[in-house]
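See below for the structure under consideration.
The values are calculated or read from the model by the stated rules, or taken from the named source; none is laboratory data. Worth saying up front: this structure is predicted, and the values here are computed from it rather than measured. Here Cβ is always computed from backbone atoms with ideal geometry, including for glycine, and neighbour counts include all displayed protein chains. These accessible areas exclude ligands, DNA and RNA; they are computed on the full protein's heavy atoms, side chains included. Shrake-Rupley method; radii C 1.70, N 1.55, O 1.52, S 1.80 Å.
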Amino acid sequence: AYSVGGSGPKVVRSGFGMSDIQAEWDCAPERAKLEKIEDRCQLLRFDYVGYGQSAQPIDKVDFDDAAEDLRAAADAAGFDRFALYSESGGVNGALRFAAKYPERVTRLAILSGYVDGRLRRAERPAADPIRTLIKEGWQKPNSGFTIAYLLSYFPEGPLEMLQQYAELMQASCPPERVLLQRDAGNAVANGPLLPLIQCPTLIMHSRRDGIHPLSEAQKLAAGIPNAELVVLNMANHAPLYGQPIWDEYMSDFIGFLTAD
């Protein structure tokens, strides 16, 4: 499933890894971001197979398959060459696509990305409390567990906005699928892909991100040729609509995606 909106240079969004293109359009703060992009770009959004409007049973998460989902959506929409915008877990499919099809990607923007999953970042990985929050709260409306899950990503809130995002994410897929996604992301190794990225790349990352530390963004910037790192002075995993940093962030990354 995919959706195309706006006009201007072609941009494909590889979202957080879990998505529902209808639910995110119905979520007011997310729609504000999408409309801002579509003011200057022709934006292609899509749901990976197994999620949202592309929901069907899956028994594993494979990021090479995710790259092919991206290709299939771009082909269906007639996007031959385009800028690619990836967020958090969406970076895994985006990096694989950009490495495999370098002739199709003009620019790559990465928000809150990482090179190595958490199981590869520590000699003795600690237990994953976020997994428990997902198992206990994902299918329960207004669940404190789900809000706690989102607060680990967005400690600066605002809380009322996190409730809207909780509803969006719960609509994307059942907890079993979220856990598959999390386990695959925890074990991923993106390092070998980085030298294969040939396009100009912008990496934006929170200085105090508690999910993927700034050191992961620095590894991305060191490994990808022609990469620039911009550090956002915040703790949230991504800027949220209405925060002081949001306008500057949106201007910077849209400006990069639409540059000649």
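Tabulated data
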read-out: Pairs of alpha carbons in region 71-150 whose separation is greater than 17 Å (percent); value: 63
read-out: All lysines inside 29 Å of Lys36 as judged from Cα atoms, apart from same-chain residues fewer than 8 positions distant; value: Lys10
read-out: Environment charge at Asp64 (Cβ cut-off 15 Å; Lys +1, Arg +1, Asp -1, Glu -1); value: 0
read-out: Inter-label distance for Asp80 and Lys140, nm, one decimal - labels placed 7 Å from Cα along Cα-to-Cβ; value: 5.3
read-out: ³J(HN,Hα), Karplus 6.51/-1.76/1.60, whole Hz, each residue of region 104-109, x for Gly, Pro; value: 9, 10, 7, 8, 10, 10
read-out: Derived scalar couplings ³J(HN,Hα) [region 9-23; Karplus, 6.51 cos²θ - 1.76 cosθ + 1.60; whole Hz; x for Gly, Pro]; value: x, 6, 9, 10, 9, 9, x, 5, x, 10, 7, 8, 4, 7, 5
read-out: Potential extension, Arg120-Asn233 segment - 0.36 nm per residue separation minus Cα distance; value: 38.1 nm
read-out: Net length gained if the chain between Asp62 and Leu159 were fully extended (0.36 nm per residue, minus Cα distance); value: 31.7 nm
read-out: Solvent-accessible area per residue for region 53-159 (1.4 angstrom probe, square angstrom); value: 47
read-out: Whole-percent carbon and sulfur share, accessible surface of the chain, 1.4 Å; value: 50
read-out: FRET efficiency, Arg31 to Ala259 (Cβ-Cβ, R0 35 Å, nearest 0.05); value: 0.90
read-out: Solvent exposure ordering (accessible area, 1.4 Å, most first) of Trp25, Trp246; value: Trp25, Trp246
read-out: Rg over Rh [alpha-carbon atoms, Kirkwood Rh] for region 141-209; value: 1.06
read-out: Estimated vicinal HN-Hα couplings, Hz - region 51-60 in sequence order (Karplus 6.51, -1.76, 1.60; Gly, Pro = x); value: 10, x, 6, 9, 4, 6, x, 9, 10, 7
read-out: With 10 Å bins from 0: P(r) over region 1-139, alpha-carbon pairs, percent; value: 11, 40, 34, 13, 2
read-out: C-alpha center-to-center spacing [region 131-169, region 235-255] in angstrom; value: 21
read-out: Distant-in-sequence amide H partners of Glu156 (H built 1.01 Å from N, under 5 Å); value: Asn236
read-out: For region 98-218, diffusion coefficient by Stokes-Einstein and Kirkwood Rh (Cα), 10 °C, 1.306 mPa s, µm²/s; value: 98
read-out: Highest-fluctuation residue, Ala217, Ala122, Ala166 considered, GNM on the chain with Cα pairs under 10 Å; value: Ala122
read-out: Accessible area in square angstrom per residue, region 176-260, 1.4 angstrom probe; value: 42
read-out: Cα centroid of region 14-46 to Cα centroid of region 93-116, whole Å; value: 19
read-out: Nitroxide proxy distance, nm - points 7 Å out along Cα→Cβ at Asp252 and Ala72; value: 3.6
read-out: Antiparallel bridge percentage (DSSP; both residues within the chain; nearest 5); value: 20
read-out: Whole-Å semi-axes of the ellipsoid equivalent to the chain (Cα gyration tensor, √5λ, descending); value: 25, 21, 19
read-out: Amide H within-cut-off set for Leu84, under 5 Å, with H built and near neighbours excluded; value: Val12, Thr106, Arg107, Leu108, Ala109
